[in-house]
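K.L.:
The structure's right below; bear with me while I get my questions together.
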Amino acid sequence: MLVTGKEILDHAHKNGYAVGAFNFVNMEMLQAILSAAEEEKAPVFVQTSEGALSYAGVGMLSAMVHQLASEVSVPVALHLDHGGSFETAVKCIRNGWSSVMIDGSHHPLEGNIEVSRRVVDVAHASGVSVEAELGRLGGIEDNICVDEKDAMYTNPAEAKQFVTESGVDYLAIAIGTAHGKYKGVPKLDFDRLSTIKQDLNMPLVLHGASGVDEESIKKAVSLGINKINIDTELRCAYTDRLRAYLAEDTEVYDLRKYIGPSREDVKAKVIEKIRLFGSNGKA
Ligand code: TD3
Ligand code: ZN
C-alpha cells in the first residue's frame, strides 16, 4: 500500500524504531525489497537516486512501484533520494512519488533553507512529504579531526532554525557516516544525535549506513534515528552472487537463471536490516 513518508516516520518516531530506506534501480531489486518487507510485516521506503531516474526513467520506476506496492499490505513510501534541485523534486512529486529529499546541504544555511522551503510548499500542496539534509557526510576515505567535525557535522542550533524555517517533515543529519564502502571504521557522534533529537523532537534520518556495525546502528535507533538509508550493501549482495554464478556456469545465457539468485540474496540482506532496525512486525 503506497503511503506518504510522513505517515510511516511519524509512527516510527512515536514508537522508537527505524524504517529501512533501500535504493533500487531495477525490477529485481524492487521485488526483493518489497517481498522482504511483506514477509517481515515492516513499513518500508523504496528510494531512487537521480542516477536511477535517468537509468530507468521516471515513468517506469513510478509504474513499477505503484503496481508492486498495491500488491503488498505493508505501508510503502516511494522516495526521491538526494534530489539535487527544485526541478527534480517537482518532477517526482508530479509523477507519483510520496516523499522527496531535497539535498541543499552543499549550500550555506540560508540557501539550503530557501530551496527546501520551496520544495515543501509544492510537496505539501500535493500531499507529499519532504526530507532535507543539514551538515555534510564524510568522504569514504576521510580521516576527520575534531575541528573538521564541527565544521561538517550537523549543528544542533542551526538544525532547530532550519526545520522551523523550512517546514521539512524529517531531517537527515551528519554524525560521522559516509556513502559507499568504508576504508576505516566509522565512529558516530552519539552525543550530537541525542542533543538534536531532544531539540527537534521529529523523525531523523541516517545516510551512509552500509558498513556501520550493528551495535552503532542499534544505539543510533535508540537515540532517535527513524529512517536508515542502505544502498551499497544491497548492490554488493546482488553483484557478489551474480559474479559467483557466472564464474561457476560459463555457458548460461538465460537471464532469469543468473539474476534470480541475486534477487534472493538482496531479499535476505533486506530482512537482516529490517530486523536490525526494529521495523519488523510494525506494519
Ligand atoms: O543515500 N544513500 C544511498 C545512495 C548513496 C550511494 O551509495 C545512502 O545514504 C546509503 O549509502 P550507503 O552507501 O551507505 O549504502
Ligand atoms: Zn545518502
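K.L.:
Taking the condition within 16 Å of ligand 1 (Cβ to nearest atom), touching a residue at least 12 places away in the same chain (Cβ under 8 Å), closer than 22 Å to residue 108 by Cβ and hydrophobic (A, V, I, L, M, F, W, C), does residue 174 pass?
P.N.:
yes
Matching residues to (1) of a type outside the set (S, T, N, Q); (2) at pLDDT below 95; (3) surrounded by 21 or more Cβ atoms within 10 Å (Cβ to Cβ):
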site: 89; (1), (2), (3): yes, no, yes
site: 93; (1), (2), (3): yes, no, yes
site: 96; (1), (2), (3): yes, no, no
site: 100; (1), (2), (3): yes, no, yes
site: 103; (1), (2), (3): yes, no, yes
site: 116; (1), (2), (3): no, no, yes
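K.L.:
Another question about this same structure. In region 118-135, which residue that is part of a loop (DSSP other than H, G, I, E, B) and crowded, with 16+ Cβ neighbours inside 10 Å is modelled with the lowest pLDDT?
P.N.:
135
K.L.:
Let me ask another. Which condition number in (1) among the hydroxyl-bearing types (Ser, Thr, Tyr); (2) farther than 25 Å from residue 78 by Cβ; (3) within 16 Å of ligand 1 (Cβ to nearest atom) is the one that residue 210 fails?
P.N.:
(2)
K.L.:
Still on this structure, I have one more. Picking from 185, 205, which residue would you name as being hydrophobic (A, V, I, L, M, F, W, C) and within 13 Å of ligand 1 (Cβ to nearest atom)?
P.N.:
Every option except 205 fails the conditions.
K.L.:
Let me ask you something else. Please give the helices (runs of 4 or more DSSP H) falling wholly within region 159-249 in which 2 or more residues are within 16 Å of ligand 2 (Cβ to nearest atom), under 20 Å from residue 82 (Cβ atoms) and open to solvent by 20 Å² or more (accessible area, probe 1.4 Å).
P.N.:
232-248
K.L.:
Taking the condition of being farther than 20 Å from residue 266 by Cβ, in a loop (DSSP other than H, G, I, E, B) and free of Cβ contacts under 8 Å to residues at least 60 places away in the same chain, how many residues in region 39-95 meet it?
P.N.:
The total comes to 4.
K.L.:
Next question. Just to check your reading of the model, which residue among 79, 107 is crowded, with 21+ Cβ neighbours inside 10 Å and either at pLDDT 95 or above or within 18 Å of the chain's Cα centre (by Cα) (or both)?
P.N.:
One residue alone meets the criteria, 79.
The values are calculated or read from the model by the stated rules, or taken from the named source; none is laboratory data. Being a predicted model, the structure only gives us computed values, none of them experimental. When we count neighbours, we look across all protein chains shown, and the Cβ atoms used for this are built from the backbone with ideal geometry, even at glycine. When the accessible area is computed, the model is the full protein with side chains, heavy atoms only, and any ligands, DNA or RNA have been set aside. Shrake-Rupley method; radii C 1.70, N 1.55, O 1.52, S 1.80 Å.
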